[in-house]
Every structure is written in C-alpha cells, then in structure tokens.
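Peer 1: Can you read through this structure? Questions will come right after.
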Amino acid sequence: GGPGGAPPRGWGGGGGGRPPPPGAIEIGGEVHTRLTPSLAQESGLAIVHQHPALLPDMTVAENMSLAAPKDRRGSGSAAWMREQLERVGCSVELSTRMEELSVAQRQLVEVAKALALEPKVLILDEPTAPLGAEMVAGLFEQIRAATARGAAVIYISHRLPEVREIADRVTVLRDGAVRGSAPIDEISDEEMVRLIVGRSVSTTFPPKRSGDELPDGASGGLVVRGLSNQAFENVDLEVRPGEIVGLAGIAGNGQSELLRALAGLARASGEVRLGGRELKLGSPARARAAGVAYMSADRHEEGLLMRLSVRENATLSSLERFARSGVVQRRAEVAAVEEQRKALNIRTVSIEKDVGALSGGNQQKVVLARALLSQPKLVLADEPTQGVDAGARVEIYRILREIADSGIPVLIVSSDGLEIEGLCDRVLVFSRGHVVGELKGDDVSEEQIARTILTATSHRGGRGEPSRAQGRSDIAARVRQFAKGDYAPSAILALAVVLLAAYTYGQNQRFLAAFNLSSLLLLLAALAFIAFGQLIVIMTAGIDISVGPLAGLVAVIGSFFVVDGKSTATVVLGFAIMLGAALAVGVLNGSLVRFGRFTPVAATLATYIALQGISLLLRPFQGGYISAGVSSAIERKVGVVPVAFIVAVCLAILLEYCLRYTRWGLALRAAGSDEDSAHRLGVGVDRAIVLAYVASSALTFLGGVMLMAQIGVGDPTQGVSYTLASITAVVLGGASLFGGRGSFIGALLGAALIQEIINATTFLSLSQAWQFWFQGLFVLVAAAVYTTARRRGVAA
C-alpha cells in the first residue's frame, strides 16, 4: 500500500516488516514483479530504514562508498561525501568507524546515503525517531527539496504532528491492510488514531499526579547532587516516588548520557542516593542490584537480544527471583512472563517466540516487562516510545504512569516535546550539559521548553584550557584512534617479532644464520598463504577448519604426478588437478554454509574429516617422492630470501589494497559486519561468502604446494596442523572472529610470529610443549589487548 496523488509525499500508519504480497511495483513507468535491493536502487528507489542499513565495522566513508555507485561520486569522492553529510547537518569525520557514532549520527548518515542517490522514489521509515527538533527541521527541508526535484516521497511515521506537517495525503495500514486514506487536510488526528488503533482512544496521555502526596507504600526517591562527566556538568535533580520527571533539550546536550551514568554504563563523579541509600556509580551490576532499571534508546543493540525469546528477554534481569539453589524454576518464570504479557498487552503468539519477530511497539513492551519483573526502585527510560506506533505509544504512556503511581520514581529522556509535555510531572531542561531550567505544572509545555533552551546562556566546562594540555589531549585522541583501528595489532606484532628475534639471537647467534633465516622464511610463506585464505573466510564471520587437511591432500595428489620420470604435461596436469580439487572443496564449503544452512564450523569440520579420509585412502603410507627439480624451483631464493616469501609479502599488500579500496573488499567486509544491512545495501551476500570459501581454498592450494616441496613426499598426516596455526595467525593479526575486521598485513605478521616461536624454541633449548604454550599465551594477550583497546575507543 502507499499514498495516492501526484506527487505523493507522505505515508502515516503502521508497518509490520512482512514481505509484500504477489503483485506489481511500478517505478518511473517501469513495472517490476519482484525487486531486489540492488535492482530497486538501479530503478531509482532509495530507502531510509528505521533501523539503519549501516555496517558497524566500517568507516563512514566506506558505508557511503558501498551505498552509492562510483559514477555518482565523481572523482572527488571525499569532498562529495562531506557535501552529502553536510546537507543533513552531520559533521562526523569520514574516517570514523560507524560503531563509534551516536544513534542520531547514524540516522543522519542513513538519510545522507539515501538523499545522495537523488532517487525517483524516496521511502523514509521512522527517520526522525532518534533526532532532535533541529535535526528534524533540517531533514524536512531536504524532503521538500527532493519533492521539488520531482521525487515521490513515502514518509512512514507514528508521529502524527510530523505526518501533518510534511504529508499531502495520509494512508493508514494496520495488520497489513489499508484501513483508510485521505488528503491530510480532510482527516483529524482523532480519526487517524482510531484507524491505527482500531478503536476510539479517549485521551493519549493518562492523567498526571495531583498534589505532592506520596503514593501508598512509597518511600525515598532519587537524589542527585553535583553529578558530572564529559557530557554533563554539576547536575542536581530529584525525582520523588510516584513522579515522572522528564529531561528535555536538543539531542546531544547530556540528557541521555546522564541516564547512562545513573545506570552504571558511563563513568561520572558526584553523589547519588536512591531510597535514602548511596548509589555507587560506574557499575551496571551495582546499579541493577540497587534497583535501577534502564531502558536504552537503542533497543536493537542494547535493549534486547533479538535471537532470544520473549520469555528469555523479559527475565534476563530477574532470574534470581525464579531460581532455587541456582536452578531456574521454569513454571514460576513462565507464569510471571505470561502475567506481564497480559498486563502490558504484548501481542505475540507465544512467549517462546523470538523477540526479533515482534513489532517495534511490542518489543518495547518486552523491555518494559523486563524492567517490571526486576522489581525496580527507579526506572530510567531513554526515548521510551521511539519507533513505535500511536496505539503502542498510548499503552506505553499508561504503563509508565502506572509504574509511577505504584511509588516508583521514573526519569525519562525524550526528543518529542509533545510527549514530554503530556507525560511528565516536572521537566528539567538541558543545554550544553547543564540544567538550565526546571518546569512544573502549567509551565510544562513544548513552547516553554523551547523558550528555556533558546534563552540559555550556559557553556560547557573545560573551555580555554592551556594549549599544552589541549595538545596532549589531541595526541591522546590520535593514539586512541590508532589503537582501535585495524593496524594497531600489526604494529604490536612487528614489535614482538623484533624483540623475540633480538632475545633469541642474544642467546644463540646461529638464529640469524643464512640457512636458518631462509628455512624460517620458507616455512612462513606456506603458513602465510593459508592464513590469508583463513582471513578471507573469517572476514565473513565464518571459519574454515578444512584448510589443514586440504593442504595435505594437495601434497598427496602431487605425489602421483609431480615426481621424477613424469613428463612436463603430466606435471602440469597434476598441478591442474590439485588446483581443481582445492576449488571444488571451496565451492562445497561455501554451498554447505550458504545454501545448505550449515554453520561454518559444522560444514568445514565435515569437509575436514572427508579430506583427511581421502588422503589416507590415496596414500595409506608415505610414498611418491616429489621431483627434486620442481622442489628446487618452488624453493628458489634471491640471496637468502625465498622467492615464495617475496610473493607472500606482495600478495599481502595486494590483498590489503583490495580489501580497503575495491568493491570486492567492501562487500566482503560488509557481509561479515552485518549481513542484513549488507543485503539491504545491494551486496550479493551469498555470492560474497561462497567466493570467500573458494578464495580460501585457492590460497590453501598455494600453501599445499609449498608443503609438498618442503616434505618432498606424499604424506597423508602432514598439513593438519595448518588449521590451528592459520586461525592463530589471523587472531594474532587482529581479526575479529565475529567478522568484518582484519588485516592481511596483520595475518602475515601473525604467521611470522608463530613460525618464529617454533624456530626460537629450538635455539633456546626448550621442549616442543613451549611452542604451544607461547602461542596460547600470545593469543590470550592479543585478544585481551585488542578487545580492550577497541571498547575503550568506542566509549571515548
């Protein structure tokens, strides 16, 4: 369904995220019976998704590049990207990783991506949910400019004032069916709400408290004195039992950060007392134990675990209530969740249904259910109705008022002035991290909130610091930026390689002898090729356990063809069969993962076992000595440096360039960073992942050739160790096992460190066990360092 008229600009009402029914879609006179994201973009359709189609592990520039074809960006891509971001009022750096941005900044990038395409049809799904009033005004300017250029705009929103401001015609959908459509001037708000909810609603907001009396059973409340951190300064506030207090102001002025500090999610200094007891800051666990229930503005990333059920999400914070001797009593848990489901009117066929399958409004009610089941003493709600329909808003307002009426203080942050006005008993207005005004009674209004913001004269602290301190701050910021990047692990590994070499050489000078150095680099080249292939798969959030046996199988096949006495044609045929077998394994692994729906571990483990069995079948015992001439060619050196090592270094540089600057690299990282978002951006995810496994097997073929030359005989037991070694090298190189992040330079250095450890233990007269201990220790340290650096970087 959609709006009628020419040109249509608005669409108000629900939306369930279901696939469209059979039919036809016409865009610019071109009829489609089926649309893919890439085809829709080619046809001139752009979408601003309610949950932005952004890739968290990639930078702003990379997200923009993936979304817009190169011919639209022209030669000055960076300048073009900055221009598109400035159009929507977004001033973030292009090099900033997407996961570091605030919810509002991510939404602006999403809008900029869509507007940059200058589409024939622009669909915006709840585009203003995380935006402040100033950002909304700028967005509406761009929407009007798009319609002036001739674009048809479908604007999906549950905020009726916005629909009335921006739309020409409104169409209401409920439960997948059109319930009504009319020009915006011919339909009242009451009629729209009735169509959305399916019944008449007497009032949007429940009645506020009257007088200062406390509800029955209420005691204490929230008292904050001198609370400060980087986002806000010297905040004093009180929330009495039974009271709803709102924090208002333009987004980014410290309101949300204050709630996070009270929930223990951000560091802050000051005094906080809840129910007369001191609340120690800086720990989410302590905050929950004290009775603080926090509802995040980003329910998808922080509020809910989308693959868990409604029941599991609802009881996450209150499992101890239903446990006896550490074992959860399922019957009591189910009864409590069912009670909340009925009380909050959560629409789901079963509490065992994945919460990700629910509508936004029902997901938010599950967040509320979790807060209530935790038996809170304080409720902190950041944008509690963001992205939910009008009917769900009414119910959420009712629930929040009932929570307050039960004697629990409620503190709310909302960018919706009408919501603040209708729901809150008192309002504290924020500007530049300071409370600049308190409103109560009849003064709680959108107009008075705006006036208080506009007349504020406060400034953030810390201005005018000495230039030397500012310089240190800038240096620290650059260090943090580097530490959370993909090349910090490479720098650490390079230092570790040098230090270990220096120490080993100091203990035994034969370590850097020409013969040992050549042997070390030759072994390194074999592992590096296989590690490169492993990294390509891990970038897609997969893993290839079969690389070790595949390398061994390549050597075994070679032992039948690449032997003395065979003709050149036979040797060439042997290499072709070896490569063909490797590519076939890659296609099999990729197909099992993408089309067979096997997990990467299960698929490649099955292949691992099968390949090892084939190798033993072909060569039950060692046999088939590899041609000395071929081995010599493979192990050829330039001075003391093997040609294979030079090839490995050049290949690492080439692959690194492709990873960062080509469509293939962007698509590979996108598939691993966020598969759903990558698909919505038009990336062929299935193709990217299958090709990743094929590439892994092709690179493993190179490693197998190196192995064949090194062992000089067909041995079915060789090669297996490469599986663990390649994964270790990739992890040491800083790759994320969750996909989307990594570096071929890091993988090369990780392989170098592993081979150096194996080699150094011999020169240091250590047992073979030390090889494994050292590798395990390095992996643990690397994982801890990289994870800590990246988390702190994001927090900063």
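Peer 1: Only one of L305, L316, L279 is within 30 Å of R225 (Cβ to Cβ) and not acidic (D, E); which?
Peer 2: Details: L305 fails: within 30 Å of R225 (Cβ to Cβ); L316 fails: within 30 Å of R225 (Cβ to Cβ).
On inspection, the qualifying residue turns out to be L279.
Peer 1: If you don't mind, there's one more thing I want to ask. Applying the selection to segment 189-220, what residues are of a type in the set (A, V, I, L, M, F, W, C), modelled with pLDDT of 80 or more and open to solvent by 30 Å² or more (accessible area, probe 1.4 Å)? First the steps, then the outcome.
Peer 2: Residues of segment 189-220 of a type in the set (A, V, I, L, M, F, W, C): 192-193, 195-197, 201, 205, 214, 218.
So of that shortlist, the ones also modelled with pLDDT of 80 or more come out as 192, 195, 205.
Across segment 189-220, the qualifying residue is only F205.
Peer 1: Turning to a different aspect of this structure: For segment 591-664, list the helices (runs of 4 or more DSSP H) that sit wholly inside it and hold at least 2 residues that are closer than 19 Å to L699 by Cα and in contact with a Gly (Cβ under 8 Å, 6 or more places away or on another chain); which are they? Outline the logic, then answer.
Peer 2: Working: elements: 600-618, 628-634, 643-661.
Output list reads 600-618, 643-661.
Peer 1: Read through the list (1) within 34 Å of the chain's Cα centre (by Cα); (2) buried (at least 24 other Cβ atoms within 10 Å of the Cβ), then give the number of the only condition that I399 fails.
Peer 2: Result: I399 fails condition (2) only.
Peer 1: Among the numbered conditions (1) of a type outside the set (A, V, I, L, M); (2) out of contact with any Asp or Glu (no Cβ under 9 Å at 6 or more places or on another chain); (3) part of a helix (DSSP H, G or I); (4) in contact (Cβ under 8 Å) with a residue 12 or more places away in the chain, tell me where T762 comes up short.
Peer 2: Checking T762 against (1) of a type outside the set (A, V, I, L, M); (2) out of contact with any Asp or Glu (no Cβ under 9 Å at 6 or more places or on another chain); (3) part of a helix (DSSP H, G or I); (4) in contact (Cβ under 8 Å) with a residue 12 or more places away in the chain, the one that fails is (4).
Peer 1: If I go through segment 574-603 residue by residue, how many of them are open to solvent by less than 10 Å² (accessible area, probe 1.4 Å) and either of a type in the set (K, R) or under 23 Å from G714 (Cα atoms) (or both)?
Peer 2: Quick first cut of segment 574-603, residues open to solvent by less than 10 Å² (accessible area, probe 1.4 Å) only: 574, 578, 582, 586, 589-590, 603.
Okay, now just the ones that are also either of a type in the set (K, R) or under 23 Å from G714 (Cα atoms) (or both), so 574, 578, 582, 586.
Selection size over segment 574-603: 4.
Peer 1: With (1) at pLDDT 90 or above; (2) open to solvent by less than 30 Å² (accessible area, probe 1.4 Å) as the list, and P130 as the residue in question, which single condition is left unmet?
Peer 2: So the condition that P130 fails would be (1).
Peer 1: Among the residues in segment 294-301, are any surrounded by fewer than 19 Cβ atoms within 10 Å (Cβ to Cβ), out of contact with any Pro (no Cβ under 6 Å at 6 or more places or on another chain) and among the hydrophobic types (A, V, I, L, M, F, W, C)?
Peer 2: So in segment 294-301, the residues surrounded by fewer than 19 Cβ atoms within 10 Å (Cβ to Cβ) come out as 298, 300-301.
Filter once more, keeping what is out of contact with any Pro (no Cβ under 6 Å at 6 or more places or on another chain): 298, 300-301.
Narrowing further to those that are among the hydrophobic types (A, V, I, L, M, F, W, C): none.
No, that holds for no residue.
Peer 1: Another one. For segment 252-269, check the following and say yes or no: at least one residue is open to solvent by less than 20 Å² (accessible area, probe 1.4 Å), over 31 Å from the mean Cα position of the chain (by Cα) and of a type outside the set (D, E, K, R). Talk me through it step by step, then tell me what you get.
Peer 2: Here is the first cut: in segment 252-269, the ones open to solvent by less than 20 Å² (accessible area, probe 1.4 Å) are 254-255, 258-259, 261-264.
Going one step further and asking which of them are over 31 Å from the mean Cα position of the chain (by Cα), we end up with none.
Scanning segment 252-269 turns up no residue that is open to solvent by less than 20 Å² (accessible area, probe 1.4 Å), over 31 Å from the mean Cα position of the chain (by Cα) and of a type outside the set (D, E, K, R).
Peer 1: Same structure again: Could you tell me whether V413 is open to solvent by less than 10 Å² (accessible area, probe 1.4 Å), under 30 Å from G176 (Cα atoms), under 25 Å from the mean Cα position of the chain (by Cα) and at pLDDT 90 or above?
Peer 2: Numbers: open to solvent by less than 10 Å² (accessible area, probe 1.4 Å): yes; under 30 Å from G176 (Cα atoms): no; under 25 Å from the mean Cα position of the chain (by Cα): yes; at pLDDT 90 or above: yes.
No, not satisfied.
Peer 1: Which numbered condition in (1) surrounded by 23 or more Cβ atoms within 10 Å (Cβ to Cβ); (2) out of contact with any Cys (no Cβ under 7 Å at 6 or more places or on another chain); (3) modelled with pLDDT of 90 or more is the only one that A67 fails?
Peer 2: (3)
Peer 1: Within the bounds of segment 317-339, is there any residue that is within 24 Å of the chain's Cα centre (by Cα) and either open to solvent by 60 Å² or more (accessible area, probe 1.4 Å) or not aromatic (F, W, Y) (or both)?
Peer 2: The answer is yes; a qualifying residue exists.
Peer 1: Against the definition (touching a residue at least 12 places away in the same chain (Cβ under 8 Å), under 21 Å from L655 (Cα atoms) and open to solvent by 20 Å² or more (accessible area, probe 1.4 Å)), how does I543 come out, yes or no?
Peer 2: Numbers: touching a residue at least 12 places away in the same chain (Cβ under 8 Å): yes; under 21 Å from L655 (Cα atoms): yes; open to solvent by 20 Å² or more (accessible area, probe 1.4 Å): yes.
For I543, the condition - touching a residue at least 12 places away in the same chain (Cβ under 8 Å), under 21 Å from L655 (Cα atoms) and open to solvent by 20 Å² or more (accessible area, probe 1.4 Å) - is met.
Peer 1: Just to be sure I understand the filter: pairs with C-beta atoms under 6 Å, separated by 6 or more residues or on different chains, first member in segment 728-745 and aliphatic (A, V, I, L, M), second member in a loop (DSSP other than H, G, I, E, B) and buried (at least 24 other Cβ atoms within 10 Å of the Cβ). Which pairs pass?
Peer 2: Matching pairs, first to second residue: A735/G742.
Peer 1: Scanning segment 669-699 for residues that are among the polar types (S, T, N, Q) and under 17 Å from A735 (Cβ atoms), which turns out least open to solvent (accessible area, probe 1.4 Å)? Let's see the steps before the verdict.
Peer 2: First, pick out the residues of segment 669-699 that are among the polar types (S, T, N, Q): 673, 677, 696-697.
Adding the requirement that they be under 17 Å from A735 (Cβ atoms) leaves 673, 696.
Working: S673: 21, S696: 0 Å².
Of everything passing the filter in segment 669-699, S696 is least open to solvent (accessible area, probe 1.4 Å).
Peer 1: A follow-up question, please. Please go through segment 428-455 and pick out each residue that is under 23 Å from V272 (Cα atoms), over 34 Å from the mean Cα position of the chain (by Cα) and crowded, with 20+ Cβ neighbours inside 10 Å.
Peer 2: Applying the first criterion (under 23 Å from V272 (Cα atoms)) to segment 428-455 yields 428-440.
Of the ones still in play, those that are also over 34 Å from the mean Cα position of the chain (by Cα) are 436-440.
Passing the criteria: G437, L439.
Peer 1: Can S736 be described as modelled with pLDDT under 90, in a helix (DSSP H, G or I), within 17 Å of the chain's Cα centre (by Cα) and among the polar types (S, T, N, Q)?
Peer 2: Details: modelled with pLDDT under 90: yes; in a helix (DSSP H, G or I): no; within 17 Å of the chain's Cα centre (by Cα): yes; among the polar types (S, T, N, Q): yes.
Considered against the rule, which asks whether it is modelled with pLDDT under 90, in a helix (DSSP H, G or I), within 17 Å of the chain's Cα centre (by Cα) and among the polar types (S, T, N, Q), S736 comes out as no.
Peer 1: Regarding segment 182-191, can at least one residue be identified that is more than 21 Å from Q386 (Cα to Cα), free of Cβ contacts under 8 Å to residues at least 24 places away in the same chain, touching a strand residue (DSSP E or B) at 6+ places or on another chain (Cβ under 7 Å) and not aromatic (F, W, Y)?
Peer 2: yes
Peer 1: What is the number of the single condition among (1) open to solvent by less than 10 Å² (accessible area, probe 1.4 Å); (2) assigned to a helix (DSSP H, G or I); (3) at pLDDT 90 or above that Y505 does not meet?
Peer 2: In the conditions (1) open to solvent by less than 10 Å² (accessible area, probe 1.4 Å); (2) assigned to a helix (DSSP H, G or I); (3) at pLDDT 90 or above, Y505 misses (1) alone.
Peer 1: Might you check whether a residue that is at pLDDT below 95, of a type outside the set (F, W, Y), within 30 Å of A667 (Cβ to Cβ) and surrounded by 24 or more Cβ atoms within 10 Å (Cβ to Cβ) occurs anywhere in segment 546-557?
Peer 2: No, segment 546-557 contains no residue that is at pLDDT below 95, of a type outside the set (F, W, Y), within 30 Å of A667 (Cβ to Cβ) and surrounded by 24 or more Cβ atoms within 10 Å (Cβ to Cβ).
Peer 1: A follow-up question, please. Failed condition for V630, given (1) open to solvent by 40 Å² or more (accessible area, probe 1.4 Å); (2) hydrophobic (A, V, I, L, M, F, W, C); (3) under 22 Å from G719 (Cβ atoms), with all others met?
Peer 2: (1)
Peer 1: Which one is nearest to the chain's Cα centre (by Cα) among residues in segment 482-525 that are farther than 20 Å from Q771 by Cβ and aliphatic (A, V, I, L, M)?
Peer 2: Only one residue fits best here, namely A483.
Peer 1: Among A729, A752, A747, A709, which is the only one that is under 30 Å from F560 (Cα atoms) and of a type outside the set (S, T, Y)?
Peer 2: Values: A729 fails: under 30 Å from F560 (Cα atoms); A752 fails: under 30 Å from F560 (Cα atoms); A747 fails: under 30 Å from F560 (Cα atoms).
Only one candidate passes the filter, namely A709.
Peer 1: Let me ask you something else. Quick one: how many residues across segment 554-574 are touching a residue at least 24 places away in the same chain (Cβ under 8 Å) and of a type in the set (F, W, Y)?
Peer 2: Restricting attention to segment 554-574, the residues satisfying the condition of being touching a residue at least 24 places away in the same chain (Cβ under 8 Å) are 554-560, 562-564, 566, 571.
Subsequent filtering for residues that are of a type in the set (F, W, Y) retains 560.
Number of matching residues: 1.
Peer 1: Exactly one condition in (1) open to solvent by 30 Å² or more (accessible area, probe 1.4 Å); (2) modelled with pLDDT under 90; (3) β-branched (V, I, T) is not met by V223; state its number.
Peer 2: All conditions pass for V223, except number (2).
Peer 1: Another one. Having 1 or more residues that are under 22 Å from A392 (Cα atoms) and of a type in the set (K, R) is the bar; report the helices (runs of 4 or more DSSP H) wholly within segment 87-166 that clear it. Break it down into steps so the answer makes sense when it comes.
Peer 2: Values: elements: 103-116, 133-148, 160-166.
Qualifying helices (runs of 4 or more DSSP H): 160-166.
Residue-wise test of (1) open to solvent by less than 20 Å² (accessible area, probe 1.4 Å); (2) under 23 Å from V31 (Cα atoms).
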{"residue": "A116", "(1), (2)": "yes, no"}
{"residue": "L139", "(1), (2)": "yes, no"}
{"residue": "Q142", "(1), (2)": "no, no"}
{"residue": "A146", "(1), (2)": "yes, yes"}
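Peer 1: Let me ask another. Please count how many residues of segment 673-688 are in a loop (DSSP other than H, G, I, E, B) and under 16 Å from A114 (Cβ atoms).
Peer 2: Taking segment 673-688 as the starting set, the residues that turn out to be in a loop (DSSP other than H, G, I, E, B) are 674, 681-684.
Next cut, under 16 Å from A114 (Cβ atoms) only: 681-682.
Final tally of qualifying residues: 2.
Peer 1: Let me ask another. Against the condition at pLDDT below 80, open to solvent by 20 Å² or more (accessible area, probe 1.4 Å) and out of contact with any Phe, Trp or Tyr (no Cβ under 9 Å at 6 or more places or on another chain), how does S75 come out, does it pass?
Peer 2: Values: at pLDDT below 80: yes; open to solvent by 20 Å² or more (accessible area, probe 1.4 Å): yes; out of contact with any Phe, Trp or Tyr (no Cβ under 9 Å at 6 or more places or on another chain): yes.
Yes, satisfied.
The values are calculated or read from the model by the stated rules, or taken from the named source; none is laboratory data. The shown structure was predicted, so the numbers you read here are calculated from the model rather than taken from an experiment. Every residue, glycine among them, receives a Cβ derived from its backbone with ideal geometry; neighbour counts consider all protein chains shown. Only protein heavy atoms, including side chains, enter the accessible area calculation; ligands, DNA and RNA are left aside. Shrake-Rupley method; radii C 1.70, N 1.55, O 1.52, S 1.80 Å.
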